[in-house]
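S.K.: This structure is in structure tokens; I'll ask about it shortly.
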Amino acid sequence: MASLTAKEKIALITRNLQEVLGEEILTDVIEKQNRPLKIYWGTATTGRPHCGYFVPMTKLAHFLRAGCEVTILLADLHAFLDNMKAPIELVQHRAKYYEFLVKSVLKSIGVSIDKLRFVFGSSYQKSEAYIMDIFRMSSIVTEHDAKKAGAEVVKQVASPLLSGLIYPLMQALDEEHLGVDAQFGGVDQRKIFTLAVENLPSLGYKTRAHLMNPMVPGLAGGKMSASDPNSKIDLLDSAADVEKKLKKAVCAPKEVEGNGVIAFVEYVLIPISELGAEDGKARFVIEKDGQEIVYETIEKLKEDYTADVIGPKELKIATTLALNKLLDPIRAEYASSDEFKEIEKLAYPPPPAPEKKKKEKKIGTGYVAKKKGESSGSAAAPTEAIDGLKIDESK
Ligand SMILES: N[C@@H](Cc1ccc(O)cc1)C(=O)O
């Protein structure tokens, strides 16, 4: 692979993004200073990573190809601070599980992971310097602004906890404490990104660039939700499950806008095929009536889909094939690693089997009257604890 010019690097780094704040920072580092851009992507380690993770991973692959120094922040403390989406006892196990899975995903898309740095949030966010910075930041950011910054990221609940206000402050501080030039994330992070732009200089720190991916509709169609297993495709789902879920996925004929299957081809399959190709050309093959149609650009595919040259059925079959090819090495790694399975058990312990209902003694009328608010038996406590682990991944 020929080395890229500074301009080509910047074009690759910003490809497919919805928005870039502070593009001059990229130019300054890559063109003027002629050094690798340091960039990080953070993920709060809550629910099981699903196929939607291929979208940011594909961008990380672009960053690495453009010679960036990439850091992945496994934001375990943020997972806890986000209105207790994940209990503190579990967040670190989950961070380890994420590390396993993210590495596996990156390998499956052909990224060499030795150029990547993984950092656990809790490894530096408890240091004296970091805590002092939280205090300093909390003395310049109003409650109103902290709340607003987290509105699209922090889970919105009836009685918001203070931790949800600290969350955005810490995400802003991470840029300084990770020593990066830029932060990457979905456009849902935008208000936290601007909070960082507006406040880091007051603490004597420099402003970073912010790179934003669009919000890509879920592959399985509709809104993703942890409680509906059909709404998302797990990275460890079997090939048969992937096929089943994709068959059911919402994918309106001739409609490209909001189509999760098309979006997956656009933001994952086409870019990955391009990165892996010797000639640098993208290739996505759809079979129709026994004939292969080779797409080299998403524009052509969208054009054909809109014109009904290809329909949902062919598109789904091609996507299922390509996705299963990506998932195969991940499944194989999981199957062959006891450590991977062990960490999964610790991160997502199976819910305890429901306790058998004790027979209630009949007294007089034949039933036991309950006081108002009394729980309905000893099974209530564990059930609640399990509910606390449920992750809303709809954001
Ligand atoms: N806010 C990110 C997670 C994150 C946490 C801390 C950071 O520094 C960066 C990102 C999310 O929604 O998943």
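S.K.: Every residue in region 251-294 that is within 27 Å of the chain's Cα centre (by Cα), open to solvent by less than 30 Å² (accessible area, probe 1.4 Å), without any contact (Cβ under 8 Å) to a residue 40 or more places away in the chain and over 18 Å from V111 (Cα atoms), please.
M.R.: The answer is F284, and nothing else.
S.K.: In addition: Of all residues in region 295-340 being surrounded by 18 or more Cβ atoms within 10 Å (Cβ to Cβ) and in contact with a strand residue (DSSP E or B) (Cβ under 6 Å, 6 or more places away or on another chain), which is nearest to E266 (Cα to Cα)?
M.R.: Here the answer is L301.
S.K.: So, in region 10-27, of the ones that are open to solvent by 60 Å² or more (accessible area, probe 1.4 Å) and either among the acidic types (D, E) or in contact with a Leu (Cβ under 8 Å, 6 or more places away or on another chain) (or both), which residue ends up nearest to G280 (Cα to Cα)?
M.R.: E23
S.K.: Which ranges mark the helices (runs of 4 or more DSSP H) fully within region 145-248 that have 3 or more residues being within 12 Å of the ligand (Cβ to nearest atom) and open to solvent by less than 10 Å² (accessible area, probe 1.4 Å)?
M.R.: Correct list: 163-177, 190-199.
S.K.: Out of the residues in region 8-30 that are within 12 Å of R208 (Cβ to Cβ) and either assigned to a strand (DSSP E or B) or within 17 Å of the chain's Cα centre (by Cα) (or both), state the one that is farthest from the ligand (Cβ to nearest atom).
M.R.: V20
S.K.: Let me ask another. Across region 124-138, what is the number of residues that are within 26 Å of the chain's Cα centre (by Cα) and loosely packed, with under 10 Cβ neighbours inside 10 Å?
M.R.: Counting residues in region 124-138 that are within 26 Å of the chain's Cα centre (by Cα) and loosely packed, with under 10 Cβ neighbours inside 10 Å gives 0.
S.K.: Which of the residues belonging to region 91-104 are of a type outside the set (S, T, Y) and within 16 Å of the ligand (Cβ to nearest atom)?
M.R.: Across region 91-104, the qualifying residues are V91, Q92, R94, A95, E99, L101, V102.
S.K.: Here is a follow-up. Looking at region 50-86, which of its residues are more than 24 Å from L326 (Cα to Cα) and in contact with a Phe, Trp or Tyr (Cβ under 7 Å, 6 or more places away or on another chain)?
M.R.: If the condition is that a residue be more than 24 Å from L326 (Cα to Cα) and in contact with a Phe, Trp or Tyr (Cβ under 7 Å, 6 or more places away or on another chain), then D76, H78, L81, D82, A86 are the ones that fit.
S.K.: Can you tell me which condition V141 does not meet? The list is (1) part of a helix (DSSP H, G or I); (2) open to solvent by less than 40 Å² (accessible area, probe 1.4 Å); (3) among the hydrophobic types (A, V, I, L, M, F, W, C), and all the others hold.
M.R.: All conditions are met except number (1).
The values are calculated or read from the model by the stated rules, or taken from the named source; none is laboratory data. The shown structure was predicted, so the numbers you read here are calculated from the model rather than taken from an experiment. Cβ coordinates were reconstructed from backbone atoms using ideal geometry, including for glycine residues, and neighbour counts include every protein chain displayed. These accessible areas exclude ligands, DNA and RNA; they are computed on the full protein's heavy atoms, side chains included. Shrake-Rupley method; radii C 1.70, N 1.55, O 1.52, S 1.80 Å.
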